[in-house]
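Quick notes on the structure that follows.
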Amino acid sequence: SHLMDLPTCEVQRLGEIADLVISVRLSRVRKKKLALALKNEGYIPKLLQLFQVCENAKNTEGLHLLFDIVRGILYLDKAILFEVMFSDECILGVAGCLEYDPCLAQPGQHREFLTKTAKLQEVIPIRDPELKQKIRQMSRAQYIQAIILPNPSDFEEGFLSTLSSFISSSKEEILHGLQKDEEFLPQVFAQLTSEATAGEQLCDLMKFFKEFCAFSFTLPEKRDEFLQTLAKLGILPTLEMLMGVDDLQVRSAATDILSYLLEFSPVTVQEFVMQEARQSENDTQLIIEVIKQMISSPDPEFGGDNKLMEILCALIDPEKMLVTASNLEIFEFLDNFYDRYIHVLTAPLLADTSEEWYEIVYIDSTFFFFLLQIKALIFLVDNYQTAEILASVLKLLTFCVERHMYHMKIYIIKKDLLRRTLFLMKSKHKFLALCALRFMRRIIGLKDELYNQYITLGNLFEPVVNAVLDNRNRCNLLKSALVELFEFIRIEDNQFLIAHIVENFSDALESVKYIHTFQGLKTKYEQKKDWQNQKLN
């Protein structure tokens, strides 16, 4: 078909060129014709020559028009033009045109970024010059995409899809090129495990390796082969070592890679963890490193501990272990977990309410000393970071209550864990108080007789009733959760707990009798008493 006629590439005709580029946006056929014309006539290098002329002459109007023209050409979203625009000869000119956005008070600094700030760092030497060139081109394309992409609300679905595909295919070519080099990955692992690699060098290497793994796992046809290569090179022992280093960025990257492995090859990670539990007696096991990182996370509010929690839940979930292990092997693993690992997880919680503290209180039972201990606990928990860590620990322990019924029941009763947890109901951080309440709610939800006896003998409803009284005039999530707990007991008709609550806290709950749940508990208790009396008569 007939190609589109282009205006002569002159400064005086920049307005016509800009109008032409903008006018074709709504026509797919005209966009294709314009792209072919620009390519065949070598038009883009000519435009970039005009840019030099306008910039030297400080022709602001011409520079603004060139911004519209170059951005409009990129918006054509044609691969045949990207090869030209992201080449060594044209990229700085393209970036220069995009600096002169009419909406900006001052020009941007894209060329300075590409030439000075964004230097290509070879964390591992790359011998293939074509591969180096492809990496440079891909990084430039990513940068240009970032600066020209409008707000999500301003463009339709699939906007610049060809540019995204161009970047993705470039990454794929780079990945295949690196994987063809049989010495590449062994070099990466050799540097990661070397004591000589430290500081910024290790950080850069881990950032690269994380991105390399992330993209490799998105290619289904090569994924299994890549996983086998990583396993041969010792990926899990390497990650275990890296999760123990001091650098937060290195630990974070190692955590991300471990989460990729759990997503795409959970069996490999499960087998490794179970094998370590059977064979190793040291304190540097992968599961311990995950727990340590979770309970020492300096910025838990940014979500790092959530990823670690997901990893840990996946590692200790018996249902997921059944894919590769027998029931006996899972039971043995849980024995090891509760003998050697869980004390690391509960350390922050037990540190606040230790066994020694209870012994001191019972020996020296002066009221003043008791109050001092309570105040010290509340002060510690009122630290926001500590509260976040304790909340994460409680979420995991709640998971264990549901999934490790036998082992967790023994551990809770042996350590008097519920009593210590319920002290956190006094925290000013309502999310932490909620986590403590949910822990108790999950225990009661199991409707286990041994748990019920443990709760009643220890009078563990007292802090819960106190929380009800403290929140009686408020309308918040904690109050709703407290009422739901008692409502569950009423609906399930747990007579053992109902009798304990009514006999011990009926007078205290009189002030909230407008909440029908508590009146319902009393009614259930009285009905049971009447029935027992009738039966006796």
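The values are calculated or read from the model by the stated rules, or taken from the named source; none is laboratory data. Here the structure is a predicted model, which is why all the values come from computation and not from measurement. Positions of Cβ are generated from backbone atoms using ideal geometry, with glycine treated the same way; all protein chains shown enter the neighbour counts. What goes into the accessible areas is simple: the full protein's heavy atoms, side chains included, and nothing from ligands, DNA or RNA. Shrake-Rupley method; radii C 1.70, N 1.55, O 1.52, S 1.80 Å.
How much length is gained on full extension from residue 319 to residue 492, taking 0.36 nm per residue of separation minus their Cα-Cα distance?
59.5 nm
Label-point separation (nm) for residue 215 and residue 453, each offset 7 Å from Cα along Cα-to-Cβ?
6.2 nm
Debye calculation, C-alpha points only, no solvent: report log10 I(q)/I(0) for the stretch 1-96 at q = 0.10, 0.15, 0.23, 0.26 Å⁻¹, in the same order as the q values.
Here log10 of I(q) over I(0) equals -0.23, -0.53, -1.28, -1.60.
List the residues of the stretch 74-96 whose backbone N lies under 14 Å from a point placed 7 Å from the Cα of residue 112 along the Cα-to-Cβ direction.
In the stretch 74-96, the label zone of residue 112 (backbone N under 14 Å from the point 7 Å along Cα→Cβ) covers 96.
Once you list every other residue whose beta carbon is under 13 Å from the beta carbon of residue 485, what net charge do they have if Lys and Arg are +1 and Asp and Glu are -1? Numbers along the way, then the final one.
Values: positive: 438, 441, 442, 479, 490; negative: 484, 487, 492.
Result for the local shell: +2.
Expressed as an acute angle from 0 to 90° and rounded to the nearest 10, what is the orientation of the C-alpha long axis of helix 220-232 relative to the principal long axis of the chain?
Compared with the principal axis, the helix lies near 60 degrees.
Can you give me the angle between helix 304-315 and the longest principal axis of the chain, using Cα atoms only, in degrees from 0 to 90, rounded to the nearest 10?
70 degrees
In straight Cα distance, which lysines are under 21 Å from residue 535, not counting same-chain residues fewer than 8 positions off?
522, 524
Could you give the alpha-carbon Rg of the stretch 467-536 over 2.2 N^0.38 Å, rounded to two decimals?
1.16
Please compute the modelled spin-label separation between residue 208 and residue 183, points set 7 Å along Cα→Cβ, answer in nm with one decimal.
The two pseudo-label positions are separated by 1.5 nm.
With each pseudo-label sitting 7 Å past Cα toward Cβ, what's the residue 87-residue 523 distance in nm, one decimal?
Going from the residue 87 label point to the residue 523 one covers 8.5 nm.
Find, to one decimal place in angstroms, the Kirkwood hydrodynamic radius of the stretch 218-297, where the mean of 1/r is taken over every pair of different Cα atoms and then inverted.
Its Kirkwood hydrodynamic radius stands at 13.3 Å.
If the cut-off is 19 Å between C-alpha atoms, which lysines fall inside it for residue 307, apart from same-chain ones fewer than 8 positions away?
Once the sequence-local lysines are set aside, what remains near residue 307 is 207, 210, 292, 320, 395.
Quick check: residue separation of residue 403 and residue 231 times 0.36 nm, minus the Cα distance between them. What number comes out in nm?
59.0 nm
So, how do all the Cα-to-Cα distances of the stretch 433-497 break down into 5 Å bins, in percent, from 0 on up?
Binned Cα distances yield the sequence 4, 16, 30, 28, 16, 6, 1.
Run the 1.4 Å probe and let me know the accessible area of residue 215, rounded to the nearest 10 Å².
Approximately 40 Å² of residue 215 is accessible to the 1.4 Å probe.
Quick one: helix 495-505 against the long Cα principal axis of the chain, what's the angle to the nearest 10°, folded into 0 to 90?
80 degrees
Heavy atoms only, probe 1.4 angstrom, no DNA, RNA or ligands counted: give me 317, 204, 88 ranked by accessible area, highest first.
The most accessible residue leads, giving 88, 204, 317.
Please give every one of the lysines within straight-line cross-link reach of residue 33, meaning a C-alpha to C-alpha distance under 23 Å, and leave out same-chain neighbours fewer than 8 residues apart.
List returned: 46, 78.
Give, rounded to the nearest 20 debye, the magnitude of the charge dipole that the chain has about its Cα centre when Lys and Arg contribute +1 at Cβ and Asp and Glu contribute -1 at Cβ.
Rounded to the nearest 20 debye, it is 1440 debye.
Quick one: order 517, 523 from most to least accessible surface, probe 1.4 Å.
So the residues, ranked largest to smallest area, are 523, 517.
Multiply the residue separation of residue 260 and residue 194 by 0.36 nm, subtract the distance between their alpha-carbon atoms, and state the gained length in nm to one decimal. It would help to have the intermediate numbers written out before the result.
Details: separation 66, 0.36 × 66 = 23.76 nm, distance 2.34 nm.
Between residue 260 and residue 194, full extension yields 21.4 nm more.
About the Cα centre of the stretch 429-537, what is the dipole size in debye to 20, counting +1 per Lys and Arg Cβ and -1 per Asp and Glu Cβ, all else neutral?
Dipole magnitude for the stretch 429-537 comes out near 300 debye.
Ignoring ligands, DNA and RNA, please state the percent of accessible area on the chain from carbon and sulfur, probe 1.4 Å.
52 percent
Between (i) 63, 30, 22; (ii) 73, 25, 23; (iii) 62, 24, 22, which matches semi-axes √(5λ) of the Cα gyration tensor in Å calculated for the structure shown?
Read-out from the structure maps to (i).
Of 132/171; 415/479; 134/180; 134/171; 32/171; 171/222, which pairs sit farther than 19 Å apart, going by alpha carbon to alpha carbon?
Too far apart for the 19 Å limit: 415/479; 32/171.
Work through the residues other than residue 250 whose Cβ is under 12 Å from its Cβ and net out their charges, Lys, Arg +1 and Asp, Glu -1.
Result for the neighbourhood of residue 250: -2.
Tell me the mean residue ellipticity at 222 nm calculated for the chain from its helices only (DSSP H runs of n ≥ 4, each -39500 (n - 2.57), averaged over every residue, nearest 500). Provide the component values of the computation, followed by the final result.
Details: 30 runs with 375 residues, N = 537.
Helix contribution divided over all residues of the chain: -22000 deg cm²/dmol.
Let me spell out the model: positive unit charges on the Cβ of Lys and Arg, negative unit charges on the Cβ of Asp and Glu, origin at the Cα centre of the stretch 11-149. What dipole size does that give, in debye rounded to 20?
Here the stretch 11-149 has a charge dipole of around 440 debye.
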